[in-house]
Structures are given as C-alpha cells and as structure tokens.
Amino acid sequence: MQLDRYLYEEAKKEQMIITNSLGLDQAKTKALSYQLNALLGNFQIYYQNLRGIHWNIKGKNFFDLHAKFEELYTDANVKVDEVAERILTLGGTPLHTFEDYMKSSSVPVGKNISKDTEAVQLIVDSLTQLLLIERQILDASDEADDEGTNAMMSDFITEQEKTVWMMKAWLDQEI
Ligand SMILES: [Fe+2]
C-alpha cells in the first residue's frame, strides 16, 4: 500500500473512533457533558437562592422584588431544563439530586435572606460564578466544534451580563 493511501486509511479509522453520531469528538463531548453537569448543579443552587429570596424578602421594596425574583427563577427554571437536555443530547446523564449538586457547587448558598440589598447581592454573586463556568464551557465547546453548546453559552452569558448590570445599578455599585 502506498504511504499516502495508508495514512488516509489510518486517518479515516481514527476519525471513526473519535467522532460520535453528532459528528463531534467523543472524548471532548464527554468532557463537555461533565462541565455542563457542573453548570446544572450550580444553576439549581442559583434557582433555589431565588426561591428563598422570593419567599423571605421584607421591607418597602417587597412588591417589586418579590415579582422580580419570581421572573428570574422562572427564567432559571427554563435554563436548567435546557442545560439538562443538552447533556442528554451529548450522550450524558444530567445530575438530578441535590446531593450531587452540592458536590460541584461554587455558587454561594443564601439562607434566610430578607434584606433587599443582601438579596440582590446574592443574585450578583451567584451570576458571577455561573458566568465563570459558562465561559469555560464556551471555550471548551469552541475547541470541540460544538456549536449547539457554544450558542447556548453565548446566549446565557449575554443575558446574565445584562442582569448583573441591572442588579449592580440597583445596588448603586460599579461593574
Ligand atoms: Fe410565589
């Protein structure tokens, strides 16, 4: 067999071994599904933070913030499902117990927060952590040519950066 033919056959075999039915590198896809599971766990902590401050918020801003926090947790709920279904699309298994979520958690857990500034600061701190994870996934999905995950992270990042800006404006803080 000629050398160029041999190299072509070897490259083809390698290609067959490393790509999955989505046409994505199998090992990189697996690594991405782990990263997405870390995001899923942290998103669930963020979601539960929002439920906590929705329920416990007190003071003159109650009506505004109670409604705003509901809007945010409804949005987070949709995103949690999108992340879980992306993991399944990539051939992984989404984590679904809080026991597992807590193991990969970097989002701070807010407990019994009723003061408006503390509640809004918890949102900012949670989103800062989510953004860090999402940027790592953005880089990894770019490297893996995983356009679906990449586009999802891009959308999440854009929306969350805007939310951070608005929450910081409410807190009268610089970005
Ligand atoms: Fe409610």
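The values are calculated or read from the model by the stated rules, or taken from the named source; none is laboratory data. Model, not experiment: these values are computed from the prediction. Cβ atoms come from the backbone with ideal geometry, glycine included; neighbour counts cover every protein chain shown.
Odds and ends about this structure:
- Pick from segment 1-39, criterion in a helix (DSSP H, G or I) and in contact with a strand residue (DSSP E or B) (Cβ under 7 Å, 6 or more places away or on another chain), ranking: modelled with the lowest pLDDT: ILE18
- Residues in segment 49-61 that are within 14 Å of the ligand (Cβ to nearest atom) and either closer than 27 Å to GLU134 by Cα or modelled with pLDDT under 95 (or both): LEU50, ARG51, GLY52, ILE53, HIS54.
- Qualifying residues in segment 117-126 (those that are in contact (Cβ under 8 Å) with a residue 24 or more places away in the chain and surrounded by fewer than 22 Cβ atoms within 10 Å (Cβ to Cβ)) - the one farthest from LYS30 (Cα to Cα): THR117
- Scanning segment 100-116 turns up no residue that is surrounded by 15 or more Cβ atoms within 10 Å (Cβ to Cβ), within 28 Å of SER154 (Cβ to Cβ) and within 16 Å of the ligand (Cβ to nearest atom).
- Positions within segment 80-101 being within 15 Å of the chain's Cα centre (by Cα), without any contact (Cβ under 8 Å) to a residue 24 or more places away in the chain and assigned to a helix (DSSP H, G or I), in sequence order: ASP81, GLU85, LEU88
- Residue within segment 62-79 that is away from the ligand (no atom under 16 Å from the Cβ), assigned to a helix (DSSP H, G or I) and either surrounded by 13 or more Cβ atoms within 10 Å (Cβ to Cβ) or not acidic (Asp, Glu) (or both) present: yes
- Per-region count, segment 132-156, residues under 16 Å from the mean Cα position of the chain (by Cα) and farther than 16 Å from VAL80 by Cβ: 14
- Residues in segment 102-123 that are over 15 Å from the mean Cα position of the chain (by Cα), closer than 21 Å to GLU174 by Cα and in a helix (DSSP H, G or I): ASP116, THR117, GLU118, ALA119, VAL120, GLN121, LEU122.
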